[in-house]
Amino acid sequence: MTLNSESVIVNVGPQHPSTHGVMRLRVAFDGELVTDAEMVIGYLHRGSEKLAEERTFTQVVTLTDRMDYVASMTNNQAYILAVEKLAGIEPTPRGVWLRMISAELQRIVSHLVAVGFLLQDLGAMGTPLMYTMREREDVLDLFELLCGARITNSYHRPSGVFQDAPDEFWPRLELFMANMPGRIDEYEQLISGNEIILSRMRGVGVIQPDMMINASITGPMLRAGGVDWDLRHRQPYEYYDRVQFDRPIMDESDNYSRYLVRVYEMRESLKILRQCIDQIEPGPARDADVPFVIRPPEGDAYVPIEGPKGELGFYLVSDGGISPYRCKVRPPSLINLTLLREMVIGLPMAAMIVTFGTVDINMGEVDR
Amino acid sequence: MSVAMSGAELAEAIREIDSDAVTDHSDDAVWVTPSSWPDVAEKLRDLEALRFEMLTLLTTVDYVDHFEVVYHLVSLSRNRTGVVKIRCGEGRVSPSVPTAINVWRGADLQEREAYDLMGVNFDGHPNMKRLMLWEGFEGHPLRKDYLR
């Protein structure tokens with residue numbers, strides 16, 4: 001006997017713990033399986049791009065913090081690089097090293113949050129998230145030493161960073177770097193070989209690499225599909241051409257490899273941090289001659305960087321005034337969702353949530 | 001290290017695809033006509049010498065007397081970047097350009113966002129509706145004449 005079933009439309013979110021913020025998925029189910037999905041976003045839209053047009057170039061830094069709020073430092077970095085290119089400002093060497101140190105610490109934080117919440121999506125309520133949050137806390141303490149703020153840092157400035165790291169920052173950073181490898185080992189022991197994790201994540205949410213390239217998907221997601229594309233390596237910005245690191249590339253392009261790439265990248269970030277500490281030189285953390293109010297010449301500039309979630313960049317247009325004429329963000333979180341529908345069709349509800357989790361999005365950046 | 005293709009190089013390459021397509025070029029960008037865009041976009045992706053597989057960023061800018069759509073393209077295999085711009089909506093009248101979604105799927109959400117916030121139409125987009133704001137919202141906030 002065959003049963004004729006009618007598909008049921010379910011709203012997942014916007015207030016749902018596994019939607020990573022305020023995102024609504026309208027999903028059509030046939031029994032337990034997804035037959036169609038549409039995302040409804042905009043609940044966190046604050047009009048950051050419009051607000052930027054009414055602030056000076058330096059003030060806009062505070063808006064960038066609030067886009068991807070678990071990776072403020074890399075947002076600061078992407079924005080400042082575009083301003084420096086637009087205005088032709090040369091950063092000080094120490095400023096660049098400090099920006100790289102803060103950005104790599106931020107990458108570790110972002111991946112910790114991604115892994116922690118992914119495990120929560122898998123049903124491991126609480127415990128793994130508490131582990132990753134414990135490490136995140138250490139980094140946030142470091143950020144507090146650097147700039148006084150933990151989340152909305154606004155640390156970077158045109159020509160460097162707004163203040164040098166205090167003396168007590170360096171021993172604390174060493175302590176963190178001594179502890180972190182063991183803690184990543186801990187995750188690997190607990191998570192990477194776990195049978196439940198393997199059976200639920202291997203071979204699920206597979207997406208072809210050429211489709212991802214065509215859909216502008218970047219970052220760990222693309223590298224988990226076997227594409228060797230890391231802007232720190234392919235289009236080096238700051239001093240990334242002076243540090244050596246490996247690029248974890250996986251071929252499976254499934255949920256498990258997307259998770260694993262992030263874990264491996266944390267180790268690579270530690271390697272980069274070590275080389276930054278070895279190479280940083282004394283000197284001013286920013287050029288005191290660069291004024292607070294900048295008037296870049298007419299023109300436009302776009303500098304892409306490898307953010308924790310993918311290619312991140314700001315397209316700035318200047319009309320010669322004190323604020324950007326147009327400030328457009330390239331949001332990896334939003335663009336990585338382009339193929340979400342294709343990824344989740346045919347999956348059960350629980351696997352859909354996990355697949356969504358491995359894309360690693362941040363709603364502050366999706367909606368801006 | 002990736003090489004950004006200069007506007008002159010891109011203009012030359014595009015003239016070979018369609019001799020009437022290019023209207024102007026600067027140091028780092030090339031301007032093409034809206035009508036030539038679907039064909040030019042496909043060739044930019046497929047021609048062996050160019051291979052721009054990824055449309056990394058689509059932006060719209062309101063220049064008061066006209067609008068501009070800016071395409072940042074990346075070739076992963078050649079490790080090159082290029083910038084193509086399209087002038088549209090002269091005199092602020094109904095700005096529209098043909099969609100690039102059939103060439104680059106990555107244009108999907110970006111074109112919807114551009115339509116939502118800037119009011120530039122992308123002809124041929126299969127799902128041209130607002131992305132961030134709700135249906136029924138009046139106006140396009142990123143336009144320079146949007147009243148607060």
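All of the numbers you see were taken from the coordinates with simple rules; none came from a lab. This one's a predicted model, so the numbers in the text were calculated from it and none came from an experiment. Cβ: placed from backbone, ideal geometry, glycine included. Neighbour counts: every protein chain shown.
Kindly flag which residue pairs out of A:Lys50/B:Lys43; A:Lys50/A:Lys309; B:Lys43/B:Lys144; A:Lys50/B:Lys129; A:Lys50/A:Lys85; B:Lys85/B:Lys144 have an alpha-carbon separation exceeding 27 Å in this structure. In this structure, A:Lys50/B:Lys43; B:Lys43/B:Lys144 exceed 27 Å between Cα atoms.
Helical content of chain A, expressed as a calculated mean residue ellipticity at 222 nm, amounts to -14000 deg cm²/dmol (DSSP H runs of 4 or more residues, -39,500 (n - 2.57) each, divided by residue number, nearest 500). The phi torsions of segment A:249-260, fed into the Karplus equation with coefficients 6.51, -1.76 and 1.60 and a -60° offset, translate into couplings of 10, 10, 9, 6, 6, 10, 4, 5, 5, 5, 5, 5 Hz, rounded to whole numbers, with Gly and Pro shown as x.
Placing unit charges on the Cβ atoms only, positive for Lys and Arg and negative for Asp and Glu, gives segment B:8-148 a dipole magnitude near 420 debye about its Cα centre.
With both partners inside the protein assembly as shown, how many of the DSSP beta bridges are antiparallel, as a percent to the nearest 5?
Values: 50 of 58 bridges.
Bridges in the protein assembly as shown are about 85 percent antiparallel.
Computed extension gain for A:Met130 through A:Arg172, at 0.36 nm per residue and net of the alpha carbon distance, reaches 13.0 nm. Take every pair of alpha-carbon atoms less than 8 Å apart whose residues are at least six positions apart; their mean separation over the length of chain B yields a relative contact order of 19 percent. Return one number: the angle in degrees, 0 to 90 and rounded to the nearest 10, between the long axis of the Cα atoms of helix A:169-187 and the longest principal axis of the Cα atoms of chain A. Relative to chain A, helix A:169-187 is tipped by roughly 20 degrees.
Here the 3J(HN,Hα) profile of segment A:231-241, calculated from phi with Karplus coefficients 6.51, -1.76 and 1.60 at θ = phi - 60°, is 5, 5, 9, 7, 10, x, 10, 6, 10, 5, 7 Hz, Gly and Pro shown as x.
At most 14 other Cβ atoms within 10 Å plus a DSSP loop assignment makes a site exposed; report the longest stretch of chain A without any exposed GluC sites (Glu not before Pro). Segment A:169-297 is the longest. Computed over segment A:296-368, relative contact order equals 24 percent, with contacts defined as Cα pairs under 8 Å that lie 6+ residues apart.
Charges were assigned to the Cβ only: +1 to each Lys and Arg, -1 to each Asp and Glu. The resulting dipole of the protein assembly as shown about its Cα centre is roughly 720 debye.
Between the listed residues B:Val83, B:Thr60, B:His140, the Cα displaced farthest toward the positive end of the dipole of segment B:59-144, a dipole computed from Cβ unit charges relative to the Cα centre, is found at B:Val83. Dipole size of segment A:197-243 about its Cα centre, with +1 on Lys/Arg Cβ and -1 on Asp/Glu Cβ: approximately 220 debye, rounded to the nearest 20.
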